[in-house]
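Q: Sharing a structure below in structure tokens format, with a few things to ask.
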Amino acid sequence: MLRYGGDYNPEQWPPEVWEEDVALMRRAGVNLVSVGVFSWARLEPREGTFTFGWLDDVLDLLHRGGVEVALATPTASPPPWFSLAYPDALPVTATGTRLLHGSRDTYCVSAPAYRAACRRIAGALADRYAGHPALAMWHVHNEYGTVCHCDHVAAAFRVWLRARYGDLDALNDAWTTAFWSQHYSDWAQVFPPRATQYLPNPTHVLDFRRFSSDELLAAYVEQRDLLRAASPGVPVTTNYVLGGWVPVDHARWAREVDVVAIDHYPADAGPGAEEETAFAADLARGWAGGGSWLLMESAPNLIYTGGRMHAKEPGRMARHSLAHIARGSAGAMFFQWRAPRGGAEMYHSAMVPHAGPESRVFAESAELGAVLGRLGEVAAGGVSAEVAILWDAASWWASQGRGLPSDDLDYAAALATVHGALWRAGVVCDFAAPDADLSAYRLVLAPSLYIVSARVTAALASYVDDGGTLAVWYFSGIVDEALRVWPGGHPGALRDVLGVQVEEFLPLAPGETVGLSTGERGEAWSERVHLAGAGAEVSYAGGRLDGLPAITRHRYGRGATWYVSTRLPRDALGHLLGRIVSAAGAGPTVSPAPGTERLATERLATERLATERLELVRRRDGAASWLFVINHADVAQEVPARGVDLVGGAPVDGTLWLPAGGYAVIREAGPVAL
Ligand code: GAL
């Protein structure tokens, strides 16, 4: 069974509406709702006084309607009584402002009173509902990510730092406090990175992010353990929020959740939304270790961008949902079930919009529910890929710091650009941690992997030595985990395996470009590269780097490495990735012309294909396989396929024809070539 539903907030409505909700959920094929995410004030109106009657009624009603519940702990939004009782548990910004309730997420995660209040409400929910027949899953909190800089946090940060470094000498060394007279002689001198006069110490800032991730995780684990103890076997999760501001290492957290669950809201209303969707889904699968995960929130009918709401075009809600499922999601869940009449997000989209069930959006919700009802068997299938992109939260965080060689070193964008080029070529890829076992991949891509430890250096070298192909982009392997530059020329940690030495960075100004021997032009970044074993595949042409290597290739052991020293625009990146993918022996999910050896090269290089926007992903379970074919283009397209289309029920005998915006999920017959 695939999960289908969304956040359900019955506390915003009178009981008569609940009856209608459940009837509509049945009509829409909803089988799971997240309940109680923001219900703290309703559940515990006064400290220690619980009012569960209404929630009993809601859960009973849902159960009678055949809808299961991801029961939330409401700890992302403490009620106003909590702020007044425990002002020390309110969050403090880096500039020292203490925030007050009035929105949500107004708490300090290190404040003992907040943690105690969380344990109390989570424990009370566990006691009351552990055995409820509607309970399918626990949904702890909502989108952990709140940071505080108060004295409670300072104390907890010091404890964390002592555990990491042991003594102040090691901390001083790691933070390079010899610079600007920052030497610490007492733990009491160490604070969270509050507002500073000028540039802060980058390692201090990075360690605070690492600490914040661990501190938030500890708060999650406290609740999880209570819930697990009360209801063994019921999965516990929390919904990840994605974004550069989020101080959470989701890969690390994945070890502590029973199901990786993400919320995903694309920021681009144009064609980029589909690439963002695939990016987030592949990331989630990476965090889930390649296994199944759950799209916990997405918007039925909204992409918020450029200061306004963009209503999704008809069919786009289904296409996005299927794209997530194709890439391993166990279902499609939305924020939210019913649009509220008031409150800060009253104009957010919902499966039941303000217009009610007689609406396009509800009709599409019901249609999607019916389709997912026919796709239950795919839930068993996993997704495998031959290509992996390395993902490292610390490199992302560090690349957001100040004092770097360029302001144009956006880690997430670097990864998305490479991932997008693969998406347009139909090459499915995983995301993997730099220290993961990479031996299953033919090709590993490392865009802007700024931090590389000695351990990761050795692991990457042995991956290549054993026959793998590694492609590395500029601003990778520059520093160790403490953000200290690997000396002797960049990229210090990877010089040997790449066979190059970078003497100096030459970042480009906005709009400035640099010529390449291919006739293409590099953007944003260039550097003076010397060959140290590698050969130049592409050189700089013109300007002060004229004739020097820009893109190199190196044989290392039984494998190969590539180094890309500038940012390539879309088409040039497509060309290059086409060569790299082909040379590594990897390729797309489906060949439009089976037997064409140069397929990967062509698909990656051709703008015509780039505009086709046909998403092809296969889920497999042993000998069984399901091919997801999603036509995001506004033209009809054909794909070679054989089997039965579970969406429409029709057999597919060699060629699948899909109208613009159409989709199919083929239970494949016969041997499947990857
Ligand atoms: C999510 C959040 C929801 C809702 C939604 C709006 O990030 O978990 O509660 O705010 O965004 O898009």
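Q: Is at least one residue of the stretch 447-465 basic (Lys, Arg) and either surrounded by fewer than 23 Cβ atoms within 10 Å (Cβ to Cβ) or without any contact (Cβ under 8 Å) to a residue 60 or more places away in the chain (or both)?
A: Residues of the stretch 447-465 basic (Lys, Arg): 455.
Subset that is either surrounded by fewer than 23 Cβ atoms within 10 Å (Cβ to Cβ) or without any contact (Cβ under 8 Å) to a residue 60 or more places away in the chain (or both): 455.
Yes, the conditions are met somewhere in the stretch 447-465.
Q: Sort out which residues of the stretch 184-204 are outside any helix (DSSP H, G or I), surrounded by 14 or more Cβ atoms within 10 Å (Cβ to Cβ) and not hydrophobic (A, V, I, L, M, F, W, C), and write them in order of number. Please lay out each step first, then the result.
A: Filtering the stretch 184-204 for residues outside any helix (DSSP H, G or I) gives 184-186, 190-201.
Still in the list and also surrounded by 14 or more Cβ atoms within 10 Å (Cβ to Cβ): 184, 190-194, 200-201.
Correct list: Tyr184, Pro192, Pro193, Arg194, Pro200, Asn201.
Per-residue answers, yes or no, for (1) exposed (fewer than 15 other Cβ atoms within 10 Å of the Cβ); (2) among the charged types (D, E, K, R); (3) out of contact with any helix residue (DSSP H, G or I) (no Cβ under 8 Å at 6 or more places or on another chain):
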| position | (1), (2), (3) |
| --- | --- |
| Asp60 | yes, yes, yes |
| Glu68 | no, yes, no |
| Pro79 | no, no, no |
| Glu143 | no, yes, yes |
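Q: Residues being more than 15 Å from Arg209 (Cβ to Cβ) and surrounded by fewer than 17 Cβ atoms within 10 Å (Cβ to Cβ): count how many of those fall in the stretch 246-264. Reasoning before the result, please.
A: Kept after step one, since they are more than 15 Å from Arg209 (Cβ to Cβ), are these residues of the stretch 246-264: 254-264.
Narrowing further to those that are surrounded by fewer than 17 Cβ atoms within 10 Å (Cβ to Cβ): 255-256, 258.
Final tally of qualifying residues: 3.
Q: Tell me whether the stretch 289-299 contains one or more residues that are away from the ligand (no atom under 16 Å from the Cβ) and outside any loop (DSSP other than H, G, I, E, B).
A: The answer is yes, given that some residue of the stretch 289-299 is away from the ligand (no atom under 16 Å from the Cβ) and outside any loop (DSSP other than H, G, I, E, B).
Q: Answer with yes or no whether Val37 is in contact with a strand residue (DSSP E or B) (Cβ under 7 Å, 6 or more places away or on another chain), part of a loop (DSSP other than H, G, I, E, B), more than 18 Å from Asn142 (Cα to Cα) and at pLDDT 95 or above. Outline the logic, then answer.
A: Values: in contact with a strand residue (DSSP E or B) (Cβ under 7 Å, 6 or more places away or on another chain): yes; part of a loop (DSSP other than H, G, I, E, B): yes; more than 18 Å from Asn142 (Cα to Cα): no; at pLDDT 95 or above: yes.
Against the criterion (in contact with a strand residue (DSSP E or B) (Cβ under 7 Å, 6 or more places away or on another chain), part of a loop (DSSP other than H, G, I, E, B), more than 18 Å from Asn142 (Cα to Cα) and at pLDDT 95 or above), Val37 does not qualify.
Q: Another one. Filter the stretch 372-387 down to the residues that are out of contact with any Ser or Thr (no Cβ under 9 Å at 6 or more places or on another chain), surrounded by 16 or more Cβ atoms within 10 Å (Cβ to Cβ) and more than 18 Å from Ala284 (Cα to Cα) and list them by number.
A: Arg374, Leu375, Glu377
Residue-by-condition table, conditions (1) within 21 Å of Thr75 (Cβ to Cβ); (2) away from the ligand (no atom under 16 Å from the Cβ):
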| residue | (1), (2) |
| --- | --- |
| Asp173 | no, yes |
| Ala178 | no, yes |
| Ala188 | no, yes |
| Phe191 | no, yes |
| Asp214 | yes, yes |
| Pro232 | no, yes |
| Gly244 | no, no |
| His264 | no, no |
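Q: Can I ask one more? Filtering the stretch 310-349 down to residues that are in contact (Cβ under 8 Å) with a residue 60 or more places away in the chain, of a type in the set (A, V, I, L, M) and touching a strand residue (DSSP E or B) at 6+ places or on another chain (Cβ under 9 Å), which residue is nearest to the ligand (Cβ to nearest atom)?
A: Only one residue fits best here, namely Met333.
Q: When the residues of the stretch 229-245 are filtered to those that are buried (at least 17 other Cβ atoms within 10 Å of the Cβ) and over 13 Å from the mean Cα position of the chain (by Cα), which remaining residue is farthest from Leu283 (Cα to Cα)?
A: Filtering the stretch 229-245 down to residues buried (at least 17 other Cβ atoms within 10 Å of the Cβ) leaves 230-231, 234-242.
The next check asks that each one be over 13 Å from the mean Cα position of the chain (by Cα); those that pass are 230-231, 234-238.
On the way: Ala230: 31, Ser231: 29, Val234: 25, Pro235: 21, Val236: 20, Thr237: 17, Thr238: 16 Å.
Checking each candidate, the answer is Ala230.
Q: Among the residues of the stretch 626-646, which ones are modelled with pLDDT of 95 or more, buried (at least 20 other Cβ atoms within 10 Å of the Cβ) and under 23 Å from Glu274 (Cβ atoms)?
A: Trp626, Leu627, Phe628, Val629, Ile630, Asn631, His632, Asp645 - these are the residues of the stretch 626-646 that are modelled with pLDDT of 95 or more, buried (at least 20 other Cβ atoms within 10 Å of the Cβ) and under 23 Å from Glu274 (Cβ atoms).
The values are calculated or read from the model by the stated rules, or taken from the named source; none is laboratory data. All figures in this text were calculated on a predicted structure; none of them were measured in a lab. Positions of Cβ are backbone-derived with ideal geometry, glycine not excepted, and every protein chain shown enters the neighbour counts.
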